[in-house]
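The structure appears right after this line, and notes come after that.
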Amino acid sequence: MNIQATAQIFTEELQAISDMAKNFASKELVAKREENDHYPFGELFTETIKNASDVGFYGVNLPAEYGGTGMGYSALSSILENLSMADASMAGIIFTNAAAIEIINQASRDTDCSALYNMLSAKEALPIAFSSFTGIGEMEIPGASEKGEITGRINFLCLGGISRYAVLPARESTHGARISYYILDLDKHGIKKSEPVYSLGLHACPGVDVFLEKVPAILIGLSGKGIKYFQSMQSHLSLGAAALSLGILKGSFMEALQYTKDRFQGGRQIINWSEVRMILANMAIEIQAGQSCLAAACNELENGVTEWEKTACAIAIHVAEMACRATVDGVQLLGGNGYMKDYGQEKRMRDAHQAQCLLGMAPVRKMELIDLIIKESQ
Amino acid sequence: MGEIRLTRKEKEKYLSHDPKITDVINSLVTHYKLPKSKALYKQIDTAIALARKFNEEVVKPVYKQIDLNVTQDNEYLCWDVINKANEWGFNTLFIPKMFGGQGMNLIAMYPFVEEIASVCVGLANVVCVHYLGFATLCASWNLKLMNEISREVKRGEKTGNPCLISLAITEPGAGTDVEETMLIDRGRIETIGQKVEGGYSVNGSKIFISNGHVSTWHILICYTNKNKPSGTTVMLAVKNGMKGFRFGHREKKMGQKACVASELIFENCFVPDKYVCMQWSDLSERSSKSVVEVIQTVIDNVVSSTRAGVAAFAVGAARGAYETALAYSRKKIVNGIPLINHQWAQSMLAEMYKNVNMGRAAYMESAYANAMHGLAKTLSVRPIFYADMLVPSWCFTMISPIFNLKIMTWLFRLLNFYRYPQESAEIQSGWASLTKFGCTDLGIINTQKAIQLMGIDGCRHDIGAEKYLRDAKLLQIYEGTNQLNRINLFKNLVGRSMPEVKVF
Ligand SMILES: Cc1cc2nc3c(=O)[nH]c(=O)nc-3n(C[C@H](O)[C@H](O)[C@H](O)COP(=O)(O)OP(=O)(O)OC[C@H]3O[C@@H](n4cnc5c(N)ncnc54)[C@H](O)[C@@H]3O)c2cc1C
């Protein structure tokens with residue numbers, strides 16, 4: 001098959017995935033957005049979490065031989081973006097699970113991980129819990145004994161309250177600087193979990209604080225390679241983080257565009273006040289720019305361009321920052337209504353700010369990026 | 001002094017250029033003109049200390065839980081704090097002594113609200129939005145009603161039944177429009193007060209009214225002609241229990257959850273003449289200014305004092321976010337060293353500290369502009385200033401029937417409506433807008449920075465930074481959106497002397 005034909009199939013597949021995500025969002029998420037956001041004071045949308053599994057959203061970066069689709073990061077980005085336009089919590093769940101799987105994918109380059117993959121292909125093994133909002137340098141990391149038993153605490157383990165398995169880092173008892181990744185069964189003895197942590201946004205993608213006391217766990221990949229696995233995962237999932245933020249931003253823009261056409265003040269549709277238009281224009285520019293950057297970064301990754309990791313990291317930071325700024329404006333364009341739960345805007349603003357914390361603190365990630373660039377320039 | 005000496009004429013010439021001192025250094029002008037600035041200083045430091053004590057004893061123990069309670073049950077009202085504020089005398093703290101209040105200078109109100117907002121903006125609003133209602137009542141210069149309602153607030157303090165005042169102006173179809181006389185006639189106005197024998201019959205609804213459900217009095221702005229609201233504005237004092245008035249739903253908000261935002265519904269609600277604060281038909285008599293101009297003065301006087309208050313809320317939020325991030329960064333280890341010892345973090349914290357202090361300097365400038373040009377101007381006039389400070393309260397109570405004399409209202413309206421200089425309007429209104437959008441934007445910037453600096457911990461409700469962001473966002477919206485305020489600044493301080501300029 002020539003390159004053009006392969007590209008054509010790829011585009012069609014992507015389109016199908018994007019349609020599927022849109023369809024899922026409109027059927028499962030839109031109508032219940034406010035209700036779902038009420039968690040932990042209301043019910044968690046467990047049925048939707050299960051349905052996402054049925055359509056294969058948790059297997060996008062899982063190898064095909066273990067029940068995944070192995071479709072890669074363009075597909076994952078497309079799903080996250082389309083879901084986030086409606087309600088980013090579901091995207092947060094898919095993101096967290098994909099981050100955990102990516103740790104295993106990275107480890108599988110060093111060791112045979114088929115037993116782990118087999119474990120995950122069992123029914124209801126996915127989504128996996130993971131500290132998707134914390135960088136490894138800013139984390140309180142538990143310790144692992146020589147026997148592979150973990151003791152310590154993990155703050156805000158995302159999905160820790162609802163998942164069967166968790167992927168988490170631990171320091172080797174023999175050598176505190178060596179960090180390895182482990183997978184453990186969250187139903188095991190010795191685990192205490194807090195109530196769901198009530199946080200700013202993404203309420204239906206909840207985290208818990210977990211306290212571990214000699215909990216048996218399975219080492220993922222090689223011992224002491226945790227930081228390397230984390231960094232590779234961070235680069236891959238940066239694309240997902242950018243897509244999630246971009247989706248929120250797009251949702252906010254579309255809601256604002258519609259509202260400013262419907263709302264009259266001063267005898268005209270408010271969209272016809274040029275101050276309002278300018279805010280919309282700034283949002284639109286950020287979307288167009290973000291979209292192009294994301295597509296370029298996905299292409300770089302698919303085509304093995306050497307610089308892709310830096311591009312991915314930069315756009316994740318940049319788009320998340322733009323989404324925070326623009327969703328604040330997205331609320332503003334709806335005036336008082338934007339501040340109320342009846343419209344999606346306030347939720348998008350909250351979600352965007354929490355999404356900015358995906359993969360770790362933004363300033364720390366900026367420093368890591370420039371460290372890498374400086375190292376390469378020497 | 002150097003070699004160069006200015007002649008008086010020269011000095012006048014150079015000082016007449018823009019920016020004029022009187023336009024841009026309001027504090028200097030105030031300290032020059034206001035008597036007893038030492039007394040003012042003492043009032044401000046007392047107000048700050050009082051607010052800090054209130055924070056320690058009342059706000060800090062409960063504010064996070066109140067936020068959760070409302071999230072869980074939108075019907076929850078924080079009566080405990082409302083009762084405490086009443087007990088502490090906060091509902092009369094800034095009411096002039098001549099009306100039975102404690103007479104603390106209004107300039108002190110701004111640092112006072114910043115203090116409470118630095119812990120919880122929602123509760124700061126609960127405590128202080130009462131003064132939005134009160135300021136609106138005062139802007140009508142109906143001395144009889146000002147006296148009557150203020151004394152009821154005082155009685156509420158004595159009896160332990162809080163008597164709060166809300167302001168109801170926003171309607172479902174008109175938010176920005178009702179804040180600006182140039183827009184209102186093009187707006188979709190629905191709340192109509194029809195003159196009937198012995199009073200007004202009101203129909204319509206108001207939305208987003210802060211403290212609605214917990215207030216006793218509601219200063220209602222309505223119109224007799226929906227096609228010409230700018231010239232047919234009526235200000236009424238509506239009391240709970242009046243026939244035809246009821247509360248509607250409570251909004252489900254992103255932040256400032258402690259402060260209920262209420263719908264007020266009027267169905268043939270009869271408001272007797274004695275509760276008419278101000279009606280357009282009174283204003284058109286013997287007037288050197290048009291009704292619309294007077295109404296704009298009333299609006300300017302209200303929003304100038306309250307916009308500076310919103311700016312102080314925002315500085316409170318910015319400060320709370322800064323203080324939370326600072327405390328966090330002292331404990332948090334990032335890449336093996338305390339966060340506070342990363343140079344980039346020090347730089348971010350310095351930036352946040354700067355925002356707080358620039359914001360405070362700005363809202364104080366606006367407070368001084370209000371003291372010289374706005375609602376508080378009358379209180380800055382020497383005899384009144386001294387009287388309110390030195391004459392004991394019982395004396396005012398004795399002479400208070402004087403406020404029932406129509407001539408008193410006439411006199412104060414003459415001074416504050418008809419003799420009110422355009423230049424004063426421009427300075428107070430322009431500055432209020434400048435500080436309102438300037439400080440509230442800084443509020444968002446600082447709360448965002450706190451989250452960036454704290455990562456996911458900044459998003460946790462139990463740690464406390466995220467709430468400042470949710471609370472701060474409202475400040476960019478109410479008291480005129482920041483967009484309206486930018487145009488208002490432009491109109492008052494930039495475009496005023498340019499005949500080609502047209503706004504709206
Ligand atoms: C929680 C809360 C509490 C409140 N408390 C009170 C209260 O106690 N009393 C009270 O009376 N009101 C209160 N308000 C109302 C508040 O003052 C209004 O929400 C505000 O004035 C904006 O009006 P709006 O919501 O109708 O927005 P709109 O006026 O519909 O504005 C929507 C958007 O259009 C823009 N826009 C509108 N007109 C123009 C124009 N001419 N030029 C350029 N841009 C324009 C705005 O900037 C905004 O971005 C409260 C609001 C909230 C949310």
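The values are calculated or read from the model by the stated rules, or taken from the named source; none is laboratory data. Note that the structure is predicted; figures quoted are calculated from it, not measured. Backbone-built Cβ (ideal geometry, glycine too); neighbour counts: all protein chains shown.
Data table
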quantity: Scope region B:455-504; condition touching a strand residue (DSSP E or B) at 6+ places or on another chain (Cβ under 8 Å) and aromatic (Phe, Trp, Tyr); matching residues; calculated: B:Tyr478
quantity: Residues located in region A:303-323, provided they are part of a helix (DSSP H, G or I) and either in contact with an Asp or Glu (Cβ under 7 Å, 6 or more places away or on another chain) or charged (D, E, K, R) (or both); calculated: A:Trp308, A:Glu309, A:Lys310, A:Thr311, A:Glu321, A:Met322
quantity: Subset tally (residues that are assigned to a loop (DSSP other than H, G, I, E, B) and more than 11 Å from B:Cys222 (Cβ to Cβ)) for region B:169-186; calculated: 8
quantity: Any hit, region B:45-55, residues being more than 22 Å from the chain's Cα centre (by Cα) and at pLDDT 95 or above; calculated: yes
quantity: Residue, farthest from the ligand (Cβ to nearest atom), within region A:297-352, restricted to residues that are among the polar types (S, T, N, Q) and over 15 Å from B:Leu474 (Cα atoms); calculated: A:Thr306
quantity: Residue that is closer than 24 Å to B:Ser429 by Cβ, touching a helix residue (DSSP H, G or I) at 6+ places or on another chain (Cβ under 6 Å) and not in a strand (DSSP E or B), where the choices are B:Ser166, B:Ser230; calculated: B:Ser230
quantity: Residues of region A:105-148 satisfying the condition of being within 14 Å of chain B (Cβ to nearest Cβ), small (Gly, Ala, Ser) and buried (at least 20 other Cβ atoms within 10 Å of the Cβ); calculated: A:Ser131, A:Ser132, A:Gly135
quantity: Candidate set: region A:268-283, residues that are within 10 Å of chain B (Cβ to nearest Cβ) and not in a helix (DSSP H, G or I); chosen: the one nearest to the ligand (Cβ to nearest atom); calculated: A:Trp273
quantity: Qualifying residue in region B:147-159 (condition: touching a Cys at 6+ places or on another chain (Cβ under 6 Å), under 28 Å from B:Leu411 (Cα atoms) and either of a type outside the set (Gly, Ala, Ser) or surrounded by 23 or more Cβ atoms within 10 Å (Cβ to Cβ) (or both)); calculated: yes
quantity: Filter result for the condition that a residue is small (Gly, Ala, Ser) and surrounded by 22 or more Cβ atoms within 10 Å (Cβ to Cβ), over B:Ala135, B:Ala49; calculated: B:Ala135
quantity: Condition met for A:Ala326 (in contact with an Asp or Glu (Cβ under 6 Å, 6 or more places away or on another chain), part of a helix (DSSP H, G or I), within 14 Å of chain B (Cβ to nearest Cβ) and farther than 30 Å from B:Glu190 by Cβ); calculated: yes
quantity: Any pair with Cβ under 6 angstrom, 6 or more apart, that starts in region B:294-305 at a residue that is of a type in the set (Asp, Glu) and ends at one that is surrounded by fewer than 24 Cβ atoms within 10 Å (Cβ to Cβ); calculated: B:Asp300/B:Ala425
quantity: Helices (runs of 4 or more DSSP H) within region B:1-92 that include 3 or more residues of a type in the set (Lys, Arg); calculated: B:8-15, B:37-54
quantity: Tally, over region B:466-480, of residues that are buried (at least 24 other Cβ atoms within 10 Å of the Cβ) and facing chain A (nearest Cβ under 9 Å); calculated: 8
quantity: Unmet requirement for B:Asn335, which otherwise passes all of (1) surrounded by fewer than 21 Cβ atoms within 10 Å (Cβ to Cβ); (2) within 14 Å of chain A (Cβ to nearest Cβ); (3) in contact with a Pro (Cβ under 9 Å, 6 or more places away or on another chain); calculated: (3)
quantity: Unique residue being buried (at least 20 other Cβ atoms within 10 Å of the Cβ) and in a helix (DSSP H, G or I) when the list is A:Leu249, A:Leu212, A:Leu257; calculated: A:Leu249
quantity: The lone exception for B:Leu137 - which of (1) in contact with a Ser or Thr (Cβ under 8 Å, 6 or more places away or on another chain); (2) within 26 Å of B:Ala85 (Cα to Cα) it fails; calculated: (1)
quantity: Matching entry among B:Ile189, B:Ile219, B:Ile265, B:Ile207 (being within 16 Å of the ligand (Cβ to nearest atom) and outside any strand (DSSP E or B)); calculated: B:Ile189
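Conditions tested, residue by residue: (1) part of a loop (DSSP other than H, G, I, E, B); (2) touching a residue at least 12 places away in the same chain (Cβ under 8 Å).
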| residue | (1), (2) |
| --- | --- |
| A:Leu116 | no, yes |
| A:Met119 | no, yes |
| A:Lys123 | yes, no |
| A:Thr134 | yes, yes |
| A:Gly137 | no, yes |
| A:Glu146 | yes, yes |
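Listed here are the residues, each with its yes/no results for (1) closer than 30 Å to B:Lys257 by Cβ; (2) at pLDDT below 95.
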{"residue": "A:Leu280", "(1), (2)": "yes, no"}
{"residue": "A:Ile285", "(1), (2)": "no, no"}
{"residue": "A:Gly304", "(1), (2)": "no, yes"}
{"residue": "A:Ala320", "(1), (2)": "yes, no"}
{"residue": "A:Arg325", "(1), (2)": "yes, no"}
{"residue": "A:Gly330", "(1), (2)": "yes, no"}
{"residue": "A:Tyr343", "(1), (2)": "yes, yes"}
{"residue": "A:Gln356", "(1), (2)": "yes, no"}
{"residue": "A:Pro363", "(1), (2)": "yes, no"}
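Okay, residues lined up against (1) within 16 Å of the chain's Cα centre (by Cα); (2) under 22 Å from B:Leu132 (Cβ atoms); (3) surrounded by 15 or more Cβ atoms within 10 Å (Cβ to Cβ):
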{"site": "B:Glu423", "(1), (2), (3)": "no, no, no"}
{"site": "B:Gly430", "(1), (2), (3)": "yes, yes, yes"}
{"site": "B:Ile445", "(1), (2), (3)": "no, no, yes"}
{"site": "B:Lys449", "(1), (2), (3)": "no, no, yes"}
{"site": "B:Gly455", "(1), (2), (3)": "no, no, yes"}
{"site": "B:Asp462", "(1), (2), (3)": "no, no, no"}
{"site": "B:Asn482", "(1), (2), (3)": "yes, yes, yes"}
{"site": "B:Asn488", "(1), (2), (3)": "no, yes, yes"}
